[in-house]
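Below you'll find the structure, written out as structure tokens, and then a few comments.
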Amino acid sequence: MKQIFSSARLSRRRSLQILLGGCAVLATDSARATELTDASGRVVSFSDPRRIVSIGGAATETIFALGEGGRVAAIDTTSTFPPEAGSLPNVGYMRALSAEGVLAIGPDLIVALEGSGPPAAISALEKSRVPVLMIPNKSSVDGAIEKIDFLGKALGAETRAADLTARIRQGLQDLDAKLAGSKEKPRVLFILSAANGKMTVAGEKSSADAMIALAGGVNAISGFEGYKPASAEALSAASPDAIVMMSNRTSIDAPHPADQVLATAALAGSPAVAKKRFTMMEGTYLLGFGPRLAEAARDLADFLHPELKLKSG
């Protein structure tokens, strides 16, 4: 089926072009052709996709939350939710893709979160005959709403997308109201990894920084953006009240990260170590800024503010 119809054919079939924000939908008797300007600035055209390769955990989760999971033919390794997605073929890590491996699935649409790569693989995919749609992926409430709305337009699920975004806004509004009852804003250290004695931590304008703020805390680290290794001096100066990590243990025989982190000399004098305030949360849930954003923010806030009893309230 052709993705772009000639004007003569459109005229014969009495098609109607409808503008939905940045999305142009061409409705015909036999197919629904869509044009979207994606996160890379490219105008991408596609028709009624049935074999989607979904790259990026938040993208996959959103497609399933929109009720369109049956269209997904393959996922990447960051796509850990919902559980049923795990039975699908896997094309590898979103930042280490092979164009050949993705195309071997036989997709009719590839959706990939902004930041997927490497660039050479994305370029090769964009040069193939398969439409590639780069999904906006900003770590903010507005970014989560944009992501869901964008995929809703792409899949003709605008009503379901509106329901999801309304639920997120209401959930965060309810959380804000409850957090207003706390006078404390605990200092939170987010550790991305702690390998070989070196800790990579979240700085300003990172996804963890944004989530900490939503949960009623403040980032204990400042002075840089994104994620970087922290010196012993920086960890000591951070003096966190609480420590958060992603749950990604590969073996039950491996030492628990809490044991390693809480024994770190640079953190020995911190309130977090003194009170053993440490937790782990699944990475895509905590930092994906997808359909479960409000629930993730509430769960982190419940850890940071146990006195509010958020889960029981």
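The values are calculated or read from the model by the stated rules, or taken from the named source; none is laboratory data. These numbers come from a predicted model, not from an experiment. Every residue, glycine among them, receives a Cβ derived from its backbone with ideal geometry; neighbour counts consider all protein chains shown. Note: accessible area is taken over every heavy atom of the protein model, side chains too, but ligands, DNA and RNA are not part of it. Shrake-Rupley method; radii C 1.70, N 1.55, O 1.52, S 1.80 Å.
The residues of the stretch 100-117 that are open to solvent by less than 50 Å² (accessible area, probe 1.4 Å) and out of contact with any Ser or Thr (no Cβ under 6 Å at 6 or more places or on another chain), listed by number, are 101, 102, 105, 106, 107, 109, 110, 112, 113, 115, 116, 117. Report yes if some residue within the stretch 18-39 is open to solvent by 10 Å² or more (accessible area, probe 1.4 Å), small (Gly, Ala, Ser) and modelled with pLDDT of 95 or more; otherwise report no. Yes - at least one qualifying residue is present in the stretch 18-39.
For residue 141, the criteria (1) within 25 Å of residue 215 (Cβ to Cβ); (2) open to solvent by less than 30 Å² (accessible area, probe 1.4 Å) hold in every case but one, which is (2). The criterion of at least 3 residues that are under 28 Å from residue 58 (Cβ atoms) is met by the following helices (runs of 4 or more DSSP H) wholly inside the stretch 193-294: 207-214, 257-262, 283-287. Within the stretch 216-244, residues that are under 15 Å from residue 185 (Cβ atoms) and among the charged types (D, E, K, R) reach partners that are surrounded by fewer than 23 Cβ atoms within 10 Å (Cβ to Cβ) and at pLDDT 95 or above with beta carbons closer than 6 Å, at six or more positions or on different chains, in the pairs 241/186; 241/187; 241/271.
Restricted to helices (runs of 4 or more DSSP H) entirely inside the stretch 50-136, those with at least 2 residues that are touching a residue at least 12 places away in the same chain (Cβ under 8 Å) and more than 17 Å from the chain's Cα centre (by Cα) are 99-103, 119-127. Filtered by the rule that a residue be polar (S, T, N, Q), open to solvent by 80 Å² or more (accessible area, probe 1.4 Å) and in contact (Cβ under 8 Å) with a residue 60 or more places away in the chain, the stretch 170-193 gives a lone residue, 170.
Consider the stretch 63-91. How many of its residues are out of contact with any Pro (no Cβ under 7 Å at 6 or more places or on another chain) and either of a type in the set (Val, Ile, Thr) or surrounded by 17 or more Cβ atoms within 10 Å (Cβ to Cβ) (or both)? The total comes to 15.
In this structure, does residue 5 turn out to be out of contact with any Cys (no Cβ under 7 Å at 6 or more places or on another chain), open to solvent by less than 60 Å² (accessible area, probe 1.4 Å), at pLDDT below 95 and not in a strand (DSSP E or B)? Yes; evaluated as a whole, the condition is true for this residue. In the stretch 184-192, is there at least one residue being over 23 Å from residue 295 (Cα atoms) and among the aromatic types (Phe, Trp, Tyr)? No, every residue in the stretch 184-192 fails to be over 23 Å from residue 295 (Cα atoms) and among the aromatic types (Phe, Trp, Tyr). Only one of the listed residues (111, 44, 91) is over 30 Å from residue 169 (Cβ atoms), at pLDDT 95 or above and in contact with a strand residue (DSSP E or B) (Cβ under 7 Å, 6 or more places away or on another chain). That residue is 91.
Conditions tested, residue by residue: (1) open to solvent by 60 Å² or more (accessible area, probe 1.4 Å); (2) over 23 Å from residue 145 (Cα atoms); (3) modelled with pLDDT under 95; (4) not hydroxyl-bearing (Ser, Thr, Tyr).
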residue	(1), (2), (3), (4)
221	no, yes, no, yes
229	yes, yes, no, yes
234	no, yes, no, yes
247	no, yes, yes, no
254	no, yes, yes, yes
271	no, yes, no, yes
293	no, no, no, yes
300	no, no, no, yes
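Within the stretch 66-84, the set of residues being among the hydrophobic types (A, V, I, L, M, F, W, C) and under 20 Å from residue 98 (Cβ atoms) comprises 72, 73, 74, 75.
If the condition is being open to solvent by 20 Å² or more (accessible area, probe 1.4 Å) and either out of contact with any Pro (no Cβ under 9 Å at 6 or more places or on another chain) or not basic (Lys, Arg) (or both), then the stretch 195-206 contributes 195, 196, 197, 200, 204, 205.
Does residue 243 meet the test of being over 30 Å from residue 64 (Cβ atoms), modelled with pLDDT of 95 or more and of a type in the set (A, V, I, L, M)? Yes.
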